[in-house]
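Structure first, commentary second.
Just so it is clear, none of the values below were taken in a lab; they were calculated from the coordinates. This is a predicted model, so every value here is computed, not measured. Counting neighbours? That spans all protein chains shown, and the Cβs are built from the backbone with ideal geometry, glycine included.
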């Protein structure tokens with residue numbers, strides 16, 4: 001009885017695998033053109049350093065609720081009591097950005113060293129309202145922005 005010798009060497013056809021990978025790479029390169037990345041430079045304004053090393057600088061705390069009302073509280077500043085605490089009523093469920101911009105301009109004129117704003121949203125606050133609020137403050141020269149967690 002003779003044993004049949006099987007052919008143990010076989011070849012894997014890599015052409016279909018290479019074709020599939022080349023199609024995936026082409027798809028990746030074509031879709032990367034449509035990707036638009038937007039970023040807003042936001043730094044941690046509070047809590048990144050020990051309290052002993054922190055210099056007292058004026059800070060604006062802005063609390064925004066779900067109907068667009070913004071409560072402003074200025075801390076560690078020499079501004080008048082009228083500017084230190086204010087409430088800007090919302091319009092149609094949105095923040096009144098014009099009134100906020102004029103108030104922020106008055107704050108910046110009264111306290112030129114003022115650059116830090118911390119926004120405290122409530123759970124019902126819309127994300128776009130927070131971004132609009134940040135844009136409004138940034139246009140007035142208040143560039144160190146932060147959002148406190150809920």
Can you compute the FRET efficiency between residue 92 and residue 138 using 1/(1 + (r/R0)^6), with r the Cβ-Cβ distance and R0 = 35 Å? Round to the nearest 0.05. 0.90
Mean Cβ-within-10 Å packing, highest first, puts peptides 138-147, 12-21 in the order 138-147, 12-21
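How do 80, 136, 148 rank when sorted from fewest to most other Cβ atoms within 10 Å of their own Cβ? Present the calculation step by step, with values, prior to reporting the outcome.
Working: 80 10, 136 22, 148 14.
Listing 80, 136, 148 from fewest to most nearby Cβ atoms yields 80, 148, 136.
Using a Förster radius of 22 Å, what is the FRET efficiency between residue 73 and residue 148 based on their Cβ-Cβ separation? Nearest 0.05, please.
After rounding to 0.05, the efficiency reads 0.95.
Just check region 92-142 against the gyration tensor rule for me: Cα atoms, a ≥ b ≥ c as the square roots of the eigenvalues, rounded for a/c under 1.5, and otherwise prolate or oblate depending on whether a/b exceeds b/c.
Details: a/c = 2.57, a/b = 1.76, b/c = 1.46.
Prolate, since a/c reaches 1.5 and a/b exceeds b/c.
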Under a point spin-label approximation (7 Å from Cα along Cα-to-Cβ), what is the residue 123-residue 22 distance to one decimal in nm? 5.6 nm
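Take 78, 6 and order them by how many other Cβ atoms sit within 10 Å, fewest up front.
Numbers: 78 10, 6 6.
Fewest to most other Cβ atoms nearby, the residues stand as 6, 78.
Output the relative contact order of region 51-147, whole-number percent, from Cα pairs under 8 angstrom with separation of 6+ residues.
On the way: 176 pairs, mean separation 30.3, N = 97.
Across region 51-147, relative contact order equals 31 percent.
Give the shape of region 51-147 as rounded, prolate or oblate, defined through the alpha-carbon gyration tensor: a ≥ b ≥ c are the square roots of its eigenvalues, a/c under 1.5 means rounded, and otherwise the shape is prolate if a/b is larger than b/c and oblate if not. Display every interim value, and only then the final one.
Values: a/c = 1.83, a/b = 1.48, b/c = 1.24.
Prolate.
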Out of all DSSP beta bridges in region 51-147, what portion is antiparallel? Express it as a percent rounded to 5. 50 percent
Point-to-point label distance, residue 8-residue 131, nm (Cα→Cβ direction, 7 Å offset): 6.4 nm
